[in-house]
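A short worksheet on the structure shown next.
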Amino acid sequence: MAKINRIGVLTSGGDAPGMNAAIRAVTRTAIYNNIEVYGINRGYEGMIEGDFVKLQSKDVSGIIQKGGTILKTARSARFRTPEGRQEAYENLTKFELDGIVVIGGDGSFTGASILSQEFGIPVVGIPGTIDNDLYGTDYTIGYDTCLNTVVDAVDKIRDTASSHNRIFFVEVMGRDAGFVALEGGIATGAEVIMIPEVKNQMVELRQFLSERAKSNRSSIIVVAEGDDEGSAIEIAARVQPEFPQFDIRVTILGHIQRGGSPSCYDRVSASRLGVAAVEALLDDQKSIMVGIVHGQVVHVPLSKTVKTHKGVPKNLLDVAHVLAI
Ligand code: F6P
């Protein structure tokens, strides 16, 4: 067992529902093991500015059900520079932190991995992003809640789409990955799902619209924001003149996908991973992400999770394909 007296915890990058549940689990597991905990506000920006606050068990009570992050978050340009990281490290030394837990996505883990390489400070990552695009874990914290928000929104759009016999293009988040679009699309019975992982989908879209023109029925086309063919607005504008018989509308779901009370799944995963992260530090781990694969907690080197691409599962693509007839 490593001698750990004091750790820091931060959230970084885009917020995700369930981050608070992870902060709570990290804090309480540390206190359970007689370790002091400091919350680092606004991610790496707060690390550079020394914006640290001691967390007691009561500070994390009543937050498991809350979206967002009580520690705030940021995307830090300064932390990408050696000078910024040096300042951050000096604050970690000043506060005598023996390890850091970083809750975030791939950008946050790239920073975490460099920090541990440059200064030898133990860092454990907890995957928290609605995009689900981190290698080494089946699901990231926030993804399940995000999907439920997408399902709720698209179901509502379906009501009005079918009432008017309209074609709706619905754009969902996911940066350059198609997980949200693929699972959200399957769950809402989308007629077409456009994601960056599948190429030349305009052909499929045009075929579909030609078929639909015969029946004049409504349809939902879910578009991942990172799709190669462009945004939902651009794709809709391209096909509207080719299919003037359709009354096309576009909805961009946007940041509502990042908010809201975390689902049961996200709360439980965040709690498990928060416990596992502190246990990993006690176990002398230096630079890993804790993830969940096939229901079990796993450790993955941070360097591997940031360098390896996580593809969308082939079996889900097959499901979407079969059900799109
Ligand atoms: O990484 C999470 C995410 O919500 C992506 O899906 C999206 O592309 C991006 O963050 C938006 O970032 P911001 O809120 O900084 O505009």
- request: Give, as residue ranges, the strands (runs of 3 or more DSSP E) completely inside the range 1-79 that count at least 2 residues that are more than 16 Å from the ligand (Cβ to nearest atom) and closer than 16 Å to Gly274 by Cβ.
  value: 6-11, 36-40
- prompt: Quick one: would you say Ser162 is more than 22 Å from the chain's Cα centre (by Cα), modelled with pLDDT of 95 or more and outside the structural domain of Ala22 (by TED's automatic domain parsing)?
  reply: yes
query: What residue, of Phe179, Phe109, is within 14 Å of the chain's Cα centre (by Cα), among the aromatic types (Phe, Trp, Tyr) and assigned by TED's automatic domain parsing to the domain that holds Val275?
result: Phe109
message: Going by what's in this entry, would Gly189 be described as open to solvent by less than 10 Å² (accessible area, probe 1.4 Å) and at positive phi?
response: no
message: Considering only residues that are over 12 Å from Gly67 (Cα atoms) and touching an Asp or Glu at 6+ places or on another chain (Cβ under 9 Å), which ones fall in the range 256-273?
response: Cys264, Tyr265, Ser269
- request: Kindly indicate whether Arg42 is over 22 Å from Lys94 (Cα atoms) and in contact (Cβ under 8 Å) with a residue 24 or more places away in the chain.
  value: no
task: Select, from Val124, Val150, Val180, Val102, the only residue that is within 16 Å of the ligand (Cβ to nearest atom), at pLDDT 95 or above and either outside any helix (DSSP H, G or I) or of a type in the set (D, E, K, R) (or both).
output: Val102
- prompt: Quick one: which of Ile157, Ile141, Ile130 is among the β-branched types (Val, Ile, Thr) and touching a Lys or Arg at 6+ places or on another chain (Cβ under 7 Å)?
  reply: Ile130
field: All positions within the range 120-140 that are buried (at least 24 other Cβ atoms within 10 Å of the Cβ), closer than 12 Å to Gly13 by Cβ and within 10 Å of the chain's Cα centre (by Cα)
entry: Pro127, Gly128, Thr129, Ile130, Asp131, Leu134, Thr140
- prompt: Just wondering, is there one or more residues in the range 210-217 that are modelled with pLDDT of 95 or more and within 16 Å of the ligand (Cβ to nearest atom)?
  reply: no
- request: Taking the options Glu229, Glu225, name whichever one is away from the ligand (no atom under 16 Å from the Cβ), under 29 Å from the mean Cα position of the chain (by Cα), closer than 14 Å to Met194 by Cα and touching a residue at least 24 places away in the same chain (Cβ under 8 Å).
  value: Glu229
Arg272 being closer than 24 Å to Gly291 by Cβ, away from the ligand (no atom under 16 Å from the Cβ) and of a type in the set (Lys, Arg): yes
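The values are calculated or read from the model by the stated rules, or taken from the named source; none is laboratory data. Predicted model only: the values in this text are computed from it and were never measured. Cβ: placed from backbone, ideal geometry, glycine included. Neighbour counts: every protein chain shown. Only protein heavy atoms, including side chains, enter the accessible area calculation; ligands, DNA and RNA are left aside. Shrake-Rupley method; radii C 1.70, N 1.55, O 1.52, S 1.80 Å.
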